Number of protein chains: 2
Amino acid sequence: MSIQKLENQVMVQNEEFIEKAEQLNPQLFETIVKPEAIVKMKADTNVIHGWRKEYVASASTLKDNEYRKSDSFILDFGNHQVGYLSMNICPAGSPPDAPLKLKLTIGEMPVEMAEPFESYDGWLSSSWLQEETIFVDVLPATITLPRRYSFRYVKFEVVDTSKKYRIVFENVECRAVTSANINAVQTISHQDMLLQKIDEVSIKTLADCMQEVFEDGPKRDRRLWLGDLRLQALANYETFRTNDLVKRCLYLFAGVPNDSGKVPANVFVAPKLIADDIYIFDYSLFYVSTLHDYYFATKDLETLKELWPTAYRQIELALERLDENSIVKDSSDWWSFIDWQEGLNKQTPSQAVLIYTIKQAIRLTEELNALEKNKLVVCLAEIEEATKTYLWDEKQQFFISGSDCQVSWASQIWMVLAGVLTKEENKQLMNRLLKEKPVVGIATPYMYHHLVEALLVSGEKERAISEIKKYWGGMIQDGADTFWELYDPKNKNFSPYGSHLINSYCHAWSCTPTYLIRKYDL
Amino acid sequence: MSIQKLENQVMVQNEEFIEKAEQLNPQLFETIVKPEAIVKMKADTNVIHGWRKEYVASASTLKDNEYRKSDSFILDFGNHQVGYLSMNICPAGSPPDAPLKLKLTIGEMPVEMAEPFESYDGWLSSSWLQEETIFVDVLPATITLPRRYSFRYVKFEVVDTSKKYRIVFENVECRAVTSANINAVQTISHQDMLLQKIDEVSIKTLADCMQEVFEDGPKRDRRLWLGDLRLQALANYETFRTNDLVKRCLYLFAGVPNDSGKVPANVFVAPKLIADDIYIFDYSLFYVSTLHDYYFATKDLETLKELWPTAYRQIELALERLDENSIVKDSSDWWSFIDWQEGLNKQTPSQAVLIYTIKQAIRLTEELNALEKNKLVVCLAEIEEATKTYLWDEKQQFFISGSDCQVSWASQIWMVLAGVLTKEENKQLMNRLLKEKPVVGIATPYMYHHLVEALLVSGEKERAISEIKKYWGGMIQDGADTFWELYDPKNKNFSPYGSHLINSYCHAWSCTPTYLIRKYDL
């Protein structure tokens, strides 16, 4: 074990864990995918972001076209892809007497083909927008772009050739990659065609996010976040069962805690494993959840034994945030994620996450015959009691959060998942929630997942199905090949980053319908 | 021998010649060059193009600087370089949570650092402007750019990182390449410091243009032109004596004539040898010159024997352009280069080039004991006689050209070089030219070279030296590290391509002062 002081954090390195994670580095499965069509994007106020694609010609006709300076075209690969682009470029006319300057714009959505990236002014780095400007000095040439892209569409813009030659594109293709074992998925034939389709798109979303780690989104961030991992792992157990990838990720997080033992919210794996200097209350606790779910999916006791101390430490650290009444302290300087919902107070949902994970920890102590069980049980009783005393508003019949006594969807949903009330009370609470619709709502598919699961655990199966079909079905209706990081049916241009151009349109935390459909037999 | 029909030409392939050229592919000598300084460019109407560089700090301090989004700096490598750039890029601050987007602008002159390439609107391809925008997904990274650049300055613009990290540049360097054998050059210690400096800059210019072939300019065109080759070869015999590179280039041209046997004005060597579809009257004839000069520099009779038919064929083809009076036909649809001078009529200078090269061909027939000698001698006599009859204007005492009887500098200069008049008459003609200064003047260093050589062959050595010092010395005064493709002391922004941004600032045809100084013992 070694300790590394970085600029904003201290990172412990558990070499043994890191080595185990390294040995679990997965094989990537490769598929060669050809474009299907040449398309163009048309402005249309009736579709999401205002752009829809229009068929121009089969991609097989591409090789018959000669392009000159200022020509452009868009290729449609027919579905979402994560992989590497290559092509042959041949000259036509006189010998090429100047380099070719070619701009490629690579995007998941029509809007990325239609609106110039130069217009982007959000607060995430513009470097996530997928584009390349390349110069080709010698033609003909085989071009293999070195970076991995996440896309369905590629726009080619011939910035310049010379007056003496044109160019022809041949064999444009994508070497698509994933570490998901596609063959392991049991196909379902749902009688509800929409649920069937939602299941398929969920699986595609998950597969495209499964690379050397479970990535949050293959276009943006491209890294392992604990909150996303927990949901991806759940979907994986029902589909690919690529369980060693979950194991690898658990070891990666355990490999680089900070000096208090807290696991980071996310890690980077290249050029070498490094913890990001972000620590999030709920994400750290989800280490317990992820280990819990992994163990019950695999019964891998050896891994549970080895990683239990890391998991237990997250509970200990979270308990340090309790006030004298056993309520998670709210403050302006902490971060619990819960959701991107603007104005959401995080106190009560975080209290619920703590309860939820303590219960999972207790179940693990039972498997391990671990001594920590008693302490956790005592602790849990105190916290649940406090929760009902201080966070339940008898008059409103809702859980409240923060000094302003905020009634949010997130608080109710997480308290239901935490099982603080009885099943019947939960059912009533969920019905009250859906009826009264408090204004502090839901911003992300991540929170929508928890809404649906809260409905399911409180016995509202039909309502859960209806929410899935409405929300994830809505994305499909709006053109999703893979499920999106963000989707607000009432504000389809929503982005928490200042521009929907930078949103991820294949995002791990949105892949859970396949888990919900299969786990709960919807 | 095989024949290949291309879109605009028929190309014969003499495999034996092509194979010989291939075997003479030179070794490239490599030197690692580090930047000297961090500089900035300041607007200054008193300097060429309106920009001068200003020292900011030693390049050794670069590694102490951290750069963020929108930061930029310029590195000065201290002299002109042709080669490959590499650097290490390290992150500072939090772990890099977004790719680095970095724009590099690579230029020979301050103006290329100061004026945006987006403003370029000339008629040559903008793809010649040296720039790259790269994305670096994983940091730290060692970046080795795959393309070869011709430059002194590199501008770094950090387009984006993320708010969480900065970057540091270390070990920026250039792997400079040339096929010139620098060690073979005999140093001269001229008592005239300016001539000494002009000699040095000439040699640097030639070295930077010597790669796998004699390139016209390492920044733009980057290929083998016959007109440039002739002058480079002359400079080479006086300096590097890398004579096999001349031999290689002679075989390359002989390898791919058209179906009438005409050699092209230029060839491309990658991905394989191909003739450009440009055939220029004077350039084809200069094949004879280049073979002539090569033979007398090397006495390589075997090569002369093998390539003589190709050379002789150029004369035969040129003779087909003579009218019934033995004068080269003028027309609107031919191209004889001579110079970029606007409005220049090419008839008379082309007639002179024909005479000049026939005389060289006759000298070669003498070495070869070739039967073609008699025909050439008879022919020459007729052409010289016709030249004096039809192109000499007794009243003006100048050679005239075209239907408008144009009196140009080029006509007089080339007729002097062709030796149509006696040495004394030539001397008078050159003095008359310099005194009367006809308006159709000189546009390029290429034509300036011929002016100086015409002065030398007509005995005006002091005037020749004065012209060299004025013209090439003027470039040095204006900041040349290597001699420029174009230099008009009266219009320093001159470009025949619509923008001085695209001009080449290290250009083969400008390297001849070292030849003139050494050959004529100036």
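The values are calculated or read from the model by the stated rules, or taken from the named source; none is laboratory data. Since the structure is predicted, the reported quantities are computational estimates derived from the model, not experimental observations. Here the Cβ is made from the backbone with ideal geometry for all residues, glycine too, and neighbour counts use every protein chain on show. SASA here: full protein model, heavy atoms, side chains in, ligands and nucleic acids out. Shrake-Rupley method; radii C 1.70, N 1.55, O 1.52, S 1.80 Å.
With its label point defined 7 Å out from Cα along the Cα-to-Cβ axis, B:Glu425 lies at 12.1 nm from the matching points of the other copies, in increasing order.
Annotation for B:Arg363 and A:Leu28: the two label points, set 7 Å from Cα along the Cα-Cβ direction, are 6.3 nm apart. Hydrophobic long helices, here whole DSSP H runs in chain A with Kyte-Doolittle means of at least -1.0 and Cα atoms spread over 30 Å or more along the helix axis, are found at A:347-368.
In order along the stretch B:153-163, phi translates into HN-Hα couplings of 10, 10, 9, 9, 10, 7, 5, 7, 10, 7, 5 Hz, rounded to whole numbers, per the Karplus curve 6.51 cos²θ - 1.76 cosθ + 1.60 with θ = phi - 60° and x for Gly and Pro. Here the relative contact order of chain A, from alpha carbon pairs under 8 Å that lie six or more residues apart, stands at 17 percent. Pairs from the table (A:Lys346/A:Lys519; B:Lys346/B:Lys470; B:Lys247/B:Lys299) lying more than 23 angstrom apart at Cα are A:Lys346/A:Lys519; B:Lys346/B:Lys470. Atom-type composition of the exposed protein surface of the stretch A:443-522 places 42 percent of the accessible area on carbon and sulfur (1.4 angstrom probe). Across identical copies of the chain, B:Glu19 has label-point separations of 5.9 nm, listed in ascending order, with the point defined 7 angstrom from Cα along Cα→Cβ. Taking 19 Å as the limit for the C-alpha separation, the pairs A:Lys272/B:Lys155; A:Lys359/A:Lys388; A:Lys101/A:Lys163; A:Lys42/A:Lys219 exceed it in the case of A:Lys272/B:Lys155; A:Lys42/A:Lys219.
What is the percent carbon and sulfur in the accessible area of the stretch A:30-178, measuring with a 1.4 Å probe over the protein chains and ignoring ligands?
Taking all protein chains in place, the stretch A:30-178 shows 48 percent carbon and sulfur surface.
Note on surface exposure: A:Asp521, A:Asp393 rank A:Asp521, A:Asp393 by accessible area, highest first, 1.4 Å probe. Work from the charge dipole of the stretch A:1-117 (Cβ charges, +1 for Lys and Arg, -1 for Asp and Glu, about the Cα centre) and give the residue of A:Gln13, A:Met109, A:Gln27 farthest towards its positive end. Farthest towards the positive end: A:Met109.
Extents of the stretch B:347-441, largest first, come to 44, 25, 20 Å (Cα atoms, principal axes, whole angstrom).
Among the protein heavy atoms of the stretch B:347-441, carbon and sulfur supply 50% of the accessible surface, probe 1.4 Å, non-protein parts ignored. Partners of A:Lys20 within straight-line reach, counting aspartates and glutamates whose Cα lies under 12 Å from its Cα and excluding those fewer than 8 residues away in the same chain: A:Asp244, A:Glu306. Of all residues in chain B, the one whose Cβ lies closest to the rotation axis carrying B onto A, together with that distance in whole Å, is B:Thr133, 3. Kirkwood hydrodynamic radius computed over the stretch B:29-178 comes to 16.0 Å, based on all pairs of distinct alpha carbons.
Solvent-accessible surface, computed for protein heavy atoms with a probe of 1.4 Å, shrinks by 40 Å² or more for the following residues of the stretch A:262-297 when the other protein chains are added to the isolated chain: A:Phe268, A:Pro271.
The solvent-accessible area of B:Cys379, taken with every protein chain present and a 1.4 Å probe, is close to 20 Å².
A Cβ-based charge dipole, computed about the Cα centre of chain A with Lys and Arg at +1 and Asp and Glu at -1, lands at about 1040 debye. Panel note: contact residues of the stretch A:93-115 (accessible area lowered by at least 50 Å² against the chain on its own; 1.4 Å probe) correspond to A:Pro95, A:Asp97, A:Pro99. Buried between B and A is an accessible area of approximately 3100 Å², summed over both sides with a 1.4 Å probe.
For B:Lys395, inter-copy separations between label points set 7 Å beyond Cα along the Cβ vector come to 11.6 nm, shortest first.
Take every Cα pair under 8 Å in the stretch A:30-178 that's 6+ residues apart, average their separations, divide by the length, and report that relative contact order as a whole percent.
Value for the stretch A:30-178: 41 percent.
A simple charge model with +1 on the Cβ of Lys and Arg, -1 on the Cβ of Asp and Glu and nothing else charged puts the dipole of the protein assembly as shown at about 180 debye relative to its Cα centre. Restricting the stretch B:269-305 to trypsin sites (Lys or Arg not before Pro) that sit in a DSSP loop and have at most 13 other Cβ atoms within 10 Å of their own Cβ leaves B:Lys272, B:Lys299.
Taking the Cα centre of the stretch A:30-178 as reference, the dipole from Cβ charges on Lys and Arg (+1) and Asp and Glu (-1) amounts to some 240 debye.
The residues of the protein assembly as shown present an accessible area of 38 Å² per residue when probed at 1.4 Å with all protein chains retained. Summing charges over neighbours of B:Glu132, with a neighbour being any other residue whose Cβ is under 9 Å away from its Cβ, gives +1 when K and R count +1 and D and E count -1. Taking only the alpha carbons of chain B, we obtain Rg and Dmax values of 24.7, 83 Å in that order.
Semi-axes, largest first, in whole Å: what does sqrt of 5 times each Cα gyration tensor eigenvalue give for the protein assembly as shown?
Working: eigenvalues 1134, 162, 114 Å².
Ellipsoid semi-axes (Å, largest first): 75, 28, 24.
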